[in-house]
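Contents: one structure, followed by commentary.
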Amino acid sequence: MPLRPPKLILRAARNRASPAHSRRGTQMPALRLLVLGGTGFVGSHLLPRLAADGHAITVLSRNRDLHRELTVLPQVRVLSANVYDRAALARHLSKADAALNLVGILNETHHQRFRRAHVELTHTLVDACRQMGVPRLVQMSALKAGQGESKYLRTRGEAEAEVKRSGLAWTLLQSAVIFGPGDGLVSRFAGLLRLLPVLPLARPRAKMAPVYVGDVVEAIARCVADPRETGGRTFELYGPDVLTLLEIVRLIRDAMGVRRAVLPLPDALGWLQAAVAGLLPGKPFSLDNFRSLLTDSVGSVDGLAALGIVPQRFAPMLPALLHGRGRQARIEAARARCAASCAAGAKDL
Ligand SMILES: NC(=O)c1ccc[n+]([C@@H]2O[C@H](COP(=O)([O-])OP(=O)(O)OC[C@H]3O[C@@H](n4cnc5c(N)ncnc54)[C@H](OP(=O)(O)O)[C@@H]3O)[C@@H](O)[C@H]2O)c1
């Protein structure tokens, strides 16, 4: 199969060349989308993008009151719901054209288990989509899902299997670690580097290809917009730079301009660090994270290229990320952009 289906690339190129294409009054149909897990890091970047495409978006959250900032976006409403309850999902799907599942967890606690958040939730969502005749499901997953030793990757793979046998027009997006404003990579290591004179680092030689959140969001938006070309397909989303974890942390340190030592740990000590950190509140690192890092997170079939997206590189983005705006300011700016584009669209009608 060719990497870049010509029709898809042409359409993607048109999207890039003409932002007006994605606004009201243009040929792309506005959809009614039901989004699960849309209040997190990726969601906070994705919702303004989907709203700008004219879609009407309902986000289900376990607690909408914690995410009121998202409700300033035009065409986005956030509702509290039990996303594990099939009847509740079916009710909300009754007015939807497509479902988008972004729910994912990195660690287990007493309250959240990998199997429940990844596999059971996907199973319930698929069932509810079928029951309500919602034909389309776009699901966020992870690079190397189903491979390796970690429960995280294993349950991701099981969730993908649920999606693939759903009979729906599905699309899977397998992402590498994502960087961008509000991420858990750059901001997390920057925080540790500010705090500690020496940063002990487990699995320093683990390889990954960080992907920019703007590119991930663009990929999701294009898949949502084009079920005909992206249905029944899995896209690996990864960036152009293959880096070790040690290189990533050193790049962040150098961009911060601080003098800190980064201490690569041998696996026995890295394992011990994970075991201890897994007992701390909030689990900053865990044995399951350690096991995930045993599998290099590097892709092989370039999904961004297939979708016509030219990815951002990691290091050049760091200065802006380290001194960038907070989540609230970003969403306010997105709201203003959406409002301006909707007003322009209304004039065109
Ligand atoms: N960030 C990355 O580097 C990265 C890399 C690869 C793949 N991914 C995947 O991409 C998706 C989005 O990532 P993200 O970084 O935006 O995740 P995130 O910030 O952790 O947000 C995910 C959302 O899922 C919901 N959620 C969390 N725990 C849940 C639970 N136990 N049960 C039900 N819902 C729960 C939360 O919404 P409410 O609190 O509103 O319910 C949360 O806002 C996830 O599937 C993630 O695994 C992310």
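Is there a residue being β-branched (Val, Ile, Thr), at pLDDT below 95 and within 10 Å of the ligand (Cβ to nearest atom) anywhere in segment 83-105? No, every residue in segment 83-105 fails to be β-branched (Val, Ile, Thr), at pLDDT below 95 and within 10 Å of the ligand (Cβ to nearest atom).
I need the full set of residues from segment 49-79 which are more than 12 Å from the ligand (Cβ to nearest atom), in contact with a strand residue (DSSP E or B) (Cβ under 7 Å, 6 or more places away or on another chain) and modelled with pLDDT under 95, in order please. THR71, GLN75, listed by residue number.
Only residues that are over 20 Å from the mean Cα position of the chain (by Cα), assigned to a loop (DSSP other than H, G, I, E, B) and either among the hydroxyl-bearing types (Ser, Thr, Tyr) or farther than 12 Å from ALA51 by Cβ (or both) were counted in segment 62-83, giving 2.
Could you please give the count of residues in segment 311-320 that are in contact with an Asp or Glu (Cβ under 8 Å, 6 or more places away or on another chain) and over 14 Å from ARG250 (Cα atoms)? Result for segment 311-320: 3. Would you pick out the residues in segment 171-205 that are within 14 Å of the ligand (Cβ to nearest atom) and small (Gly, Ala, Ser)? Answer for segment 171-205, where residues must be within 14 Å of the ligand (Cβ to nearest atom) and small (Gly, Ala, Ser): SER175, ALA176, GLY180, GLY182, GLY184, SER187.
Cβ-Cβ distances below 6 Å connect the following pairs, each with a first residue in segment 94-119 that is surrounded by fewer than 14 Cβ atoms within 10 Å (Cβ to Cβ) and assigned to a loop (DSSP other than H, G, I, E, B), a second residue that is at pLDDT 95 or above and not hydrophobic (A, V, I, L, M, F, W, C), and a separation of six or more residues or different chains: LYS95/ARG32. Restricting LEU251, LEU168, LEU237 to those that are within 16 Å of the ligand (Cβ to nearest atom) and in contact (Cβ under 8 Å) with a residue 40 or more places away in the chain reduces the list to LEU237.
The values are calculated or read from the model by the stated rules, or taken from the named source; none is laboratory data. Please read these numbers as outputs of a predicted model, since none were measured by experiment. So basically every Cβ, Gly included, is an ideal-geometry build from the backbone, and we count neighbours across all protein chains shown.
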